Amino acid sequence: MVAMAISEELFERACRVIPGGVNSPVRAFRRLERAPFFVKKAEGCYLTDEDDRQYIDYVGTWGPAILGHAPKPVLEAVQAAIPNGLGYGIPTRVEVTMAETVCRWVPSIEKVRMTNSGTEATMSAIRLARGYTGRKYVVKFAGCYHGHVDSLLVAAGSGALTHGEPDSAGVPAEFASLTLSLPYNNREALEEAFARYRGQIAAVIVEPYPGNAGFYLPRPGYLEFLREITAREGALLIFDEVMTGFRISPAGVQGKLGITPDLTTLGKIIGGGLPVGAFGGRREIMDCVSPLGPVYQAGTLSGNPVAMAAGLAQLRALEEGDAYGRLEYLGARLEEGVRAALRDVALPLTFKRSGSMFCLFFTQEDVVDLDSAMTGDFGMFRRYFLSMLEQGVYVAPSPYETGFISTAHSEADIDATVAAMRVALRAAARG
Ligand code: HOZ
């Protein structure tokens, strides 16, 4: 095992003053029974920890780092914005440019409101859906994670699933009872819910490509079905594209598949590494938000000028080059390498990918929903993860997360990763 003297000491100190030693549970490595490494700096696709070990990074800040870490255009935009002040709580030009940019990139969004995180965005979108429709029930899908919003911490993925608390303590049963949790990719379950709660379902919220119980994909026609049934039943369709937005395509999954949700939630890439989220959609729905309408939503730091400058610079950089072509090329190269490695080590595991998002499941079952994702062998995952880390490759420290490739990864990085995987897969298989 690699020496991690400084990280371990920092973790010990952190555990005394921060719950679990971390400011977000997914960072804790708790089920892996080891301390997390502490990052000193990051550049491109590399992280350097406090013990001066370098890692090829496939977590990418959990999604935002699509250009890699510390990309020059984003750093320059932040440096240019800072001398003008860090925030004013009054409108700025850059917020208008950001809103115009989002509306141009994502055509289903006619108006958008900025928030400080994806959680705020989904919380606000749910409130808006209820306010707009006058209905109380919300449908979500088991294993999807929409941030730590009370009503959405029901059968939730990501850290809630990793740490065994998909239904969080502290959410009164009365709140949770207004959330209907259904299996993803299952049409009948949703038809039954609409029949049972006719006229009472405000919204269906979905990660169109779920990325918080691993990463898996909709069956052909499933998302189109969600669009049709919600429109027919008078409920809103909310695409949570916090992870997929600006990543799967410039307009996210909806842009790739040509589906128009009523509301969309965004986060991660839109902040260029700083804390930004957003929710937006059809004009008539967004006009129900205060001060135009009765649905209250606010934030002292929302639309912060430095964060807006960072996010805009990242979006512009994505627009300028052939970023999406490059991400697909790198993703395909990784996929080819992984599939060859799996064949060579005779481990018929399940691998899913779309563009620069991917997941290796330690199961032979096809993964289409939470139940199939849960068939993965955690012991195998743990051995694989530890071996990858030892070899200087950082993949998400949980089998219920997504891998992210950035434009800063090179062919050599991808090939080195595949070589490390061959070793890690053998270690995983050894038991
Ligand atoms: N939303 C992120 C992806 N699962 C996790 C980030 C976090 O909870 O800290």
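What aspartates and glutamates sit close enough to Lys41 to cross-link, taking a C-alpha to C-alpha distance under 15 Å and skipping anything fewer than 8 places away on the same chain?
Asp49, Glu50, Asp51, Asp52, Asp57
Take the chain, mark every one of the GluC sites (Glu not before Pro) that falls in a DSSP loop and has at most 16 other Cβ within 10 Å, then report the longest stretch left between them, sites excluded.
Working: sites that count: Glu33, Glu110, Glu365.
So the longest stretch without any such site is 111-364.
Exposed loop chymotrypsin sites (Phe, Trp or Tyr not before Pro) only (DSSP loop, at most 15 other Cβ atoms within 10 Å): please give the longest stretch of the chain free of them, not including the sites.
Working: sites that count: Tyr88, Tyr296.
The segment 89-295 is the longest one with no such site.
As I understand it, the dipole of the chain uses +1 on the Cβ of Lys and Arg and -1 on the Cβ of Asp and Glu, about the Cα centre. Which of Gly431, Leu360, Thr244 lies farthest toward its positive end?
Projecting each Cα onto the dipole axis, the largest value belongs to Thr244.
Counting only C-alpha contacts under 8 Å and six or more residues apart, can you give the relative contact order of the chain as a whole percent?
On the way: 858 pairs, mean separation 91.6, N = 431.
Relative contact order for the chain comes out at 21 percent.
Checking the table Lys72/Lys111; Lys72/Lys268; Lys72/Lys352; Lys136/Lys256 against a 21 Å threshold on Cα-Cα, which pairs fail?
Working: Lys72/Lys111 30 Å; Lys72/Lys268 18 Å; Lys72/Lys352 31 Å; Lys136/Lys256 31 Å.
Listed pairs above 21 Å: Lys72/Lys111; Lys72/Lys352; Lys136/Lys256.
Mind checking the full-extension length gain between Asn23 and Arg198? Use 0.36 nm per residue of separation minus the Cα-Cα distance, one decimal, nm.
Numbers: separation 175, 0.36 × 175 = 63.00 nm, distance 4.07 nm.
In short, 58.9 nm is gained.
Is the C-alpha gyration tensor of segment 132-287 telling us rounded, prolate or oblate? Criteria: a/c under 1.5 is rounded; beyond that, a/b larger than b/c is prolate, otherwise oblate.
It comes out rounded by the Cα gyration axes.
Report, in debye and to the nearest 20, how large the dipole of the chain comes out about its Cα centre when Lys and Arg carry +1 and Asp and Glu carry -1 on their Cβ.
Taking the Cα centre of the chain as origin, the dipole is about 380 debye.
Can you show me the helix-derived [θ] at 222 nm for the chain, built from DSSP H runs with n ≥ 4 at -39,500 (n - 2.57) apiece and divided by the number of residues, rounded to the nearest 500.
Working: 15 runs with 167 residues, N = 431.
Per the formula, -12000 deg cm²/dmol.
Report the extension gain between Asp344 and Ile82 in nm, rounded to one decimal, defined as 0.36 nm multiplied by the number of residues separating them, less their alpha carbon distance.
Working: separation 262, 0.36 × 262 = 94.32 nm, distance 5.21 nm.
Computed gain between Asp344 and Ile82 is 89.1 nm.
Give, in nm to one decimal, the length gained when the segment between Ala332 and Glu284 is fully stretched (0.36 nm per residue of separation minus the Cα-Cα distance).
Values: separation 48, 0.36 × 48 = 17.28 nm, distance 4.05 nm.
Extending this stretch completely gives an extra 13.2 nm.
Which whole-number percentage describes the relative contact order of segment 107-174, with Cα contacts under 8 Å and a sequence gap of 6 or more? Please report the intermediate quantities before stating the final value.
Numbers: 59 pairs, mean separation 14.6, N = 68.
Contact order relative to length: 21 percent.
With both partners inside segment 224-345, how many of the DSSP beta bridges are antiparallel, as a percent to the nearest 5? Intermediate values should be presented prior to the final figure.
Values: 5 of 10 bridges.
DSSP beta bridges in segment 224-345 are roughly 50 percent antiparallel.
Are there DSSP H segments in the chain that both extend 15 Å or more along their axis (alpha-carbon positions) and score a mean Kyte-Doolittle hydropathy of at least 0.0? List them, or say none.
Details: long enough: 5-17 (19 Å, 0.08); 93-105 (18 Å, 0.04); 118-133 (22 Å, -0.12); 222-233 (16 Å, -0.40); 305-320 (22 Å, 0.59); 323-344 (31 Å, -0.42); 378-390 (18 Å, 0.37); 411-430 (29 Å, 0.42).
Span-like helices here: 5-17, 93-105, 305-320, 378-390, 411-430.
A short reminder: the numbers here are calculations on the coordinates, not readings from a lab. Since this is a predicted model, take the numbers as computed values, not measurements. No Cβ is skipped: glycine too gets one built from the backbone with ideal geometry, and neighbour counts run over all protein chains shown.
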